[in-house]
1. Tell me, T80, T357 in order of fewest to most beta-carbon neighbours within 10 Å?
2. Report the rotationally averaged projected area of region 260-406 based on its alpha-carbon convex hull, in square nanometres.
3. If one computes the Cα centroid of region 76-102 and of region 278-327, what distance in Å separates the two points?
4. Which order do peptides 181-187, 385-391 fall in by mean Cβ count within 10 Å, highest first?
5. Give me the net charge for the shell around T63: Cβ to Cβ below 12 angstrom, other residues only, Lys and Arg +1, Asp and Glu -1.
6. Over 22 Å between Cα atoms, which of K304/K330; K388/K431; K94/K411; K78/K439; K65/K431 qualify?
7. Along region 260-269, what does the Karplus equation 6.51 cos²θ - 1.76 cosθ + 1.60 (θ = phi - 60°) give for ³J(HN,Hα), rounded to whole Hz, x for Gly and Pro?
8. Would you mind checking which residues have amide H under 5 Å from G285's amide H? H placed 1.01 Å from N; only 5 or more apart, or other chain.
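Computed from the coordinates by the stated procedures, all read-outs in this text should not be read as laboratory data. Note that this is a predicted model, so its numbers are computed, not measured. Virtual Cβ from ideal backbone geometry, glycine too; neighbours counted across all protein chains shown.
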Amino acid sequence: MKIDCLVAEIGSTTTVVNAFNLFDEVKFLGRGMHQTTVDTDVNIGLGKAIDNLKQQLNIKDLTYKELYASSSAAGGLKITVHGLVYEMTAKAAKEAALNAGGNIHLITANRLEPYHIEQIRKLHPNMIIIAGGTDFGEKEVSYQNLLDVKDLNIPIIYTGNIANHERIKALNCNHIEIVENVYPRVDDFNILPLREKIYETFEKHIIHAKGMAHIFDMVNGKIMPTPGAVMDTTMLLDEMFDGVMTIDVGGATTDVHSVAHPKPEFQKFLEGEPKPKRTVEGDLGVYVNRKLVYQHMKHHELEKALQLTSEDVTKLIENEPFIPQSEKGKLMSSLLLKTCVEQALDRHIGDMRRIFTTNGLKVIPDGKDLSNVKAIFLTGGALIHDPKSKDYIQSYLKKQTTKLIPSLDAKIYIDDNYIFASLGVLSRVYKEQAEILLKHTMREV
């Protein structure tokens, strides 16, 4: 069987291969899966996922013209961010890193201290982002911070004051990349250039997963961080709907992606919020982080729902497989999913805050305003397979009184074929086909 394109998603635990026809008839053909062989050679798991795809399609031979990939193997994209003022340059760099699919392990503001350097050394991130100073404003903090970390032998992206460019180039360090200032003027977030450079740097250094160095022998184009690919899909959806949010609940984390402008009357208060925003909650996952999610639930909520003792609930959490098999396990996973959704949305969506000024009490918007979101998209195995997913979203929205939530009239769609990450990868090469495939996988619930 001849296939136009395969897209591999190489995760820390599972490798998924999705097959597409892109030309005569744009169509999703099927999926193959296998455990990621990250401890030996990821190409072995990729090959076995392709073998599984053949089984699913009931074919013996498979040829394909192109293979693209995204990856979160080797722990994903680990980043530290260092700016001048936390609410300004550090925040701008953090938003760009999250937007690109990064996992932020350390954020600092102002000068790096010796203990910060030691923290970075122990973390050994995939890359270090140095920001600081508006263009032609303060320049010494970002430059000195760069000098402090340049000998750690870790890739560095400088995205601070443009006035430092020439003296950074004079350092002649191959592992330092320079991009446009992520915060060139006050309240101006210039995220996209840094986002693209993060993608490039990620691809260069993803070879740290065993066997990943040889993945380029098979793959066309660049390897993207998987969460960044989901954001690319969300941005494509925004072109179609003009105001969207994607919720992605996984086994270890819950990501929320949104692309929306604030209400015009809120604009002056929210200049520091980027239009595309991603939050990743490392403590919210329905498998790896079950115990942490359980701690976020109301006292004895799970015990009452399952009609079990605390001891039995603990055993269930520890022993139920990744894909729950027992009826109690299925109900537990569904309730954990509900908590993940509520907590992640609470952290992502802004709120109306009461502040006291010299003129008395005022109520102002703070954080991401999603009032203009017209469509909500659900992806991730847990969300798309749970029949109560829509109920959980709507229940959360109905309970809010001050949060800057989407309208209750916002339509909710499921990523029916579970291909959002693959379509984000494809959109960079075959945008029109990705749009067609998006329309095919979107199912309103």
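1. T357, T80
2. Values: hull surface 42.2 nm².
Mean projected area of the Cα convex hull: 10.5 nm².
3. Region 76-102 and region 278-327 have Cα centres separated by 31 Å.
4. On the way: 181-187: 20.6, 385-391: 15.7.
Highest to lowest by the protection proxy: 181-187, 385-391.
5. Numbers: positive: K2, K54, K60, K65; negative: D4, D61, E66.
Once positives and negatives cancel, what remains is +1.
6. Numbers: K304/K330 15 Å; K388/K431 32 Å; K94/K411 30 Å; K78/K439 33 Å; K65/K431 17 Å.
With Cα atoms farther than 22 Å apart: K388/K431; K94/K411; K78/K439.
7. 6, 7, x, 4, x, 6, 9, 3, 5, 7
8. Amide H neighbours of G285: V293.
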